[in-house]
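Let me begin by presenting the structure, written as structure tokens, before commenting on it.
Quick note: the coordinates plus some simple rules give every number you see, no bench work behind them. Everything quoted here is computed from the prediction, not taken from an experiment. Cβ atoms come from the backbone with ideal geometry, glycine included; neighbour counts cover every protein chain shown.
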Amino acid sequence: MEHKQLISRGVLVWGVLLFVTWILSRYGIGWAENAGLNWIAEYPSAWVVPLTTYISAAMNWLVEDANFGLFTFTEMTRALSWVIEQPYLLVRALLAEGFMQGSGRRAVQLFPPLSWIAVISGVVALGHYARDWVLAALVGAAFLYLAVFGQWESAMITLASVVIAVPIGVIGGLWLGILAYRHPLFEQVTKPVLDLMQTIPIFAYLVPILFMFGFGPVSALVATVIYAMPPMVRITTMALKSVDPEIVDFGVMTGCTQRQMTWRILVPAALGSLMVGVNQVIMLSLNMVIIASMIGAGGLGFDVLASLRRLDIGGGFEAGIAIVILAIAIDRLSQAFAERSTRMVPSVQGNTVFARHPRSTIVVVIMVLAFLFGQFIPAIQTYPEGATATTGAFWDDGVKYLNVNFYDQFEAVKIFFLSNFLLPVKRFFLGIPWVWTMLMVTALGWTFGGWKLAVLNVAMAGFIAMTGMWEKAMITVYLCGSSVVIASVIGIPMGILAAVNDRAGRVIAVVIDTLQTLPSFVYLIPVVMLFRIGDFTAMVAIVLYAVVPAVRYSAHGVRSVSPELIEAGIVSGCTPRQLLTRIRLPLALPEVLLGLNQTIMLALSMLVITALVGTRDLGQEVYIALTKADTGRGLVAGFSIAFIAIIADRVILASARKARIRYGLESVHD
Amino acid sequence: MRHLMNTLMGATAGALISTAALAEVESTDPIKLTLHDWSGQLINTQIMGSILEEAGYNVEYVQADYIAQFAGLKTGDLSLAMEIWATTGQEALDEAVATGKVVNAGETGLQAIEEWWYPLYMKERCPGLPDWTALAACAGEFSTAETAPKGRYVGGPVTWGGFDDERVKALDLDFEVVHAGTDAALFAELESAYQREAPVILWVYVPHWAPAKYQGEFVEFPPYSAECYADPSVGINPDLAYDCGKPRGPIWKAAWAGMEDKWPGAYSAVQAYNLTNEEMSAMVGEADLDGKSIDDVVNAWMDANEDRWKGWIGQ
């Protein structure tokens, strides 16, 4: 009983605080101005620390003057760049461009790239090796699609960068993860760095990367690796920690050295989980395709950008869908490999090479034959252009049809949302005096995570105020906050539906997979055409992207409620409705909160993309910095976004943990 | 793998041989030209590239962002950028030239025009156009639900500058300025409105494919002068600056400062190179509206203008 009272008191206190905030938001600034206390209403510009200038100056020094005695900083990064570039050029030549003699346009092709037939037979063999003929047919069809729809060459360039970025991300992540596992201190240091790597928008550090690694695909690869590696590090550390202690003891007893322990015992035992990390790295690398193409990666991402620049919506959609197809093929393959690594596969014995390696032999034979015949029949070497299909006109006409016939309806919906939801929320957030916001953020931290979280929150919110980003940060909070609310209202019920109804679940899964891998750029321009430039358009784009985790986590949460508890509910006579509201939903709450957390992260990561529509938030600040090649400005705005994300993340994780403790799913001392 | 290595070794050896064979140019290192994502620039750059190839130089195209490319031009990672618009890139170009690592290689001959632009069907609804005073009178015709009774003007990305917010105030136009985030978003608005014949007025620049695809006109503001921007007392409004139209300006070529030493012949060809707005608009239309490939458009120009470009490379 006592416990219950405590909660309701907490709710009461927060209710009062919210009311006070609302009052302050409406009248606070007026009061402060009347009282002559302007500094309370608005952060005084005289107090702004010119961090932007410092960072830019430091960057200039690093690139132009920094010297380690034997070599300069730039020479070091350029050497690194060269090392990464060599394998990339090799793979790109093999898949897309062929081996050239000489450089530049004068180059003569010595050796053609692998023929499309050879590549398709290669992935079919991989699919069969990893699982079965069904998978083989799926990936084969996916790659055939790329050829038939005329996306082959671009897709192979994109594939080449994935083929290079993923191993770097996986090996680097594995290595850092193992270090973090061995040295708890190192883990403490890397944790915040990983948080920043995942939350600072890529645009913010693109300029410094260009300075360091030069123009071209290598910079794009480096940016991709920075973005895609963190999950690998986290999963590695977690997977190694959860290896059965008995296995570890066994290793100790047999006298393993540290190296043997890691590579012979821990890593093989954790292989299943590690492959989940690999899968994450692959998916995140594919997410980067568009942004990487802005700095010279080429491939499908560039096709999307260039098509939309011409307002060729159909062309943009086709290239975007090619990215989705490529992502699905690689994702299914890597998942199959993950599963394969955890089950025992009998090794094949035989006397001939063919008997031992049937698939590799067939693929090599096809490659050679395709090369030989390709010399005489061009269609074998390169998929014939005349036989390609296109759906471009369909998308163009579809958008035009919607625009001409349903514009008024769209407009009505938009006006409704703007006047009843977005604008009031915006006024609310922009009206709160900054001092009060700081207090509230601190109080939130203290309530859910004790003094540590409170201090962290003050420091981060303080950084945003000190660097003069306050107003843009509030617009960011308003835009993301509204979008997260809408995404949750749509996503959580969808997730629950997917969990309780199998057929709906399958349809929803396809929608969610597509939304996750389709580059948001593809639907941004049609959304602008239907809703015009403005906050509503930005919100639609953010919701489309950020709804994914809301659906996924709530579905997972509802599905993973222990069957015994449900059984107990049925025995005690619950109706299906009661089962859902009394048992499934409360127990799924921690998962739903985690989904909310991820929704916020994705919403914030979309900001830079919505800046391309025309918003006035931190995303715009980052984008302006990119176009002006201003390192300091971009990083300061990027850090501000990251800090908003981290504050939200910590508060939600802490409250999710409280919820788990309340439902007895976790003990207080964990 | 061994076979592959042999191929690569062969390629390297081959490159050395070809170096000897092509000794007539100063260096066979590839001259790196930057490509952006609009057709006019691609055409411009590839014509320049083809001319340099005809002169015996080795040319490589690199995809790069419009402003971010200056980082590469300063270090010599990139050699040449063919379109720096005085209207949007002047600040970045001046900054780069001031470092001494980038040089302005002269005009391309193309003149950038940027101004408020409306589709022809709006002229019926606001008969006084293209004179700007008509805008003040019929702002309501350009209004939308969010801005009514004010008109709605879609400006370019804030990074383009343009002083439209100031212009609206100085000329007392009853318009609200909405900034698009990118070029693509800007023209998406036009496409959407044009399909429905809905009111729209926005920032259009030429050379661009839009004026070829959509029928319309630029608004005629009081002509630009430097004083009008700098001095409030000049112009129609005695109290505010920016009471005139936007400046028009050349499109520059920008090169890495080391280019002139490394490839003097190529650099002088770059300096000599020029096109006209009419030529460029026609080519952009062929590429973006008639669906011709950039290569075809470039080759057609090369065939038709052989005497011109041979003069630039001194043949």
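Laid out as a table, the results:
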{"item": "Ordering of A:170-179, B:42-51 by burial proxy (mean other Cβ atoms within 10 Å per residue, highest first)", "result": "B:42-51, A:170-179"}
{"item": "Cα→Cβ-extended label distance, 7 Å offset, between B:ALA136 and B:ARG248, nm", "result": "2.4"}
{"item": "Potential lengthening between A:TRP31 and A:LYS241 on full extension [0.36 nm per residue; Cα-Cα distance subtracted]", "result": "70.1 nm"}
{"item": "Cβ crowding within 10 Å averaged over residues, with A:202-215, B:289-302, B:132-145 ranked highest first", "result": "A:202-215, B:132-145, B:289-302"}
{"item": "Cut-off 12 Å (backbone N to label point 7 Å along Cα→Cβ of B:LYS123), residues of segment B:202-217", "result": "B:215-217"}
{"item": "For peptides A:129-138, B:306-315, B:61-70, sequence by mean Cβ density within 10 Å, most packed first", "result": "B:61-70, A:129-138, B:306-315"}
{"item": "Percent RCO, i.e. relative contact order, over segment A:109-241, from Cα pairs under 8 Å lying at least 6 residues apart", "result": "27"}
{"item": "For segment A:439-471 and segment A:561-590, distance of Cα centres in Å", "result": "38"}
{"item": "Angstrom value of the Kirkwood radius, inverse mean 1/r, which spans all Cα pairs in segment A:226-319", "result": "16.1"}
{"item": "Normalised contact order of chain A, rounded percent, pairs of Cα under 8 Å and 6 or more residues apart", "result": "18"}
{"item": "Residue order, fewest to most surrounding Cβ atoms within 10 angstrom, among B:MET82, A:MET466, A:MET253, A:MET606", "result": "A:MET253, A:MET466, A:MET606, B:MET82"}
{"item": "Other protein chain Cβ atoms within 10 Å, averaged over every residue that makes up A:207-217", "result": "5"}
{"item": "Using a Förster distance of 22 Å, the FRET efficiency for A:TRP133-A:ALA355 (Cβ separation, nearest 0.05)", "result": "0.65"}
{"item": "Inter-label distance, nm, simple model (7 Å from Cα along the C-beta direction), A:ALA79/A:VAL148", "result": "5.1"}
{"item": "Principal axis dimensions, largest first and in whole angstrom, of the protein assembly as shown by Cα", "result": "90, 90, 63"}
{"item": "Proximal lysines to B:LYS74, defined as alpha-carbon separation beneath 22 angstrom and excluding residues fewer than eight positions away on the same chain", "result": "A:LYS628, B:LYS32, B:LYS101, B:LYS253, B:LYS262"}
{"item": "Square roots of 5 times each gyration tensor eigenvalue, C-alpha, segment B:207-315, largest first, Å", "result": "36, 24, 11"}
{"item": "Other protein chain Cβ atoms within 10 Å, averaged over every residue that makes up B:72-78", "result": "5"}
{"item": "Shielding by other protein chains, B:56-68, mean Cβ within 10 Å", "result": "6"}
{"item": "All aspartates and glutamates inside 18 Å of A:LYS426 as judged from Cα atoms, apart from same-chain residues fewer than 8 positions distant", "result": "A:GLU42, A:GLU471, A:ASP535, A:ASP617, B:GLU146"}
{"item": "Relative contact order computed over chain B (Cα-Cα under 8 Å; 6+ residues apart), in percent", "result": "25"}
{"item": "Alpha-carbon centroids, segment A:141-190 and segment B:229-255: separation in whole Å", "result": "50"}
{"item": "Cross-link partners of B:LYS213 among lysines (Cα-Cα below 22 Å; sequence separation of 8 or more within a chain)", "result": "A:LYS400, B:LYS123, B:LYS292"}
{"item": "Backbone N within segment A:173-211 under 20 Å of label point (7 Å from A:GLN258 Cα along the Cβ vector)", "result": "A:173-191"}
{"item": "Cα-based equivalent ellipsoid, segment A:406-662: semi-axes from gyration tensor eigenvalues, Å", "result": "33, 25, 16"}
{"item": "Tail fraction, Cα-Cα pairs, segment B:112-230, threshold 22 Å, whole percent", "result": "27"}
{"item": "Label-point gap, in nm, between B:LYS101 and A:THR390 - each point 7 angstrom along Cα→Cβ", "result": "4.1"}
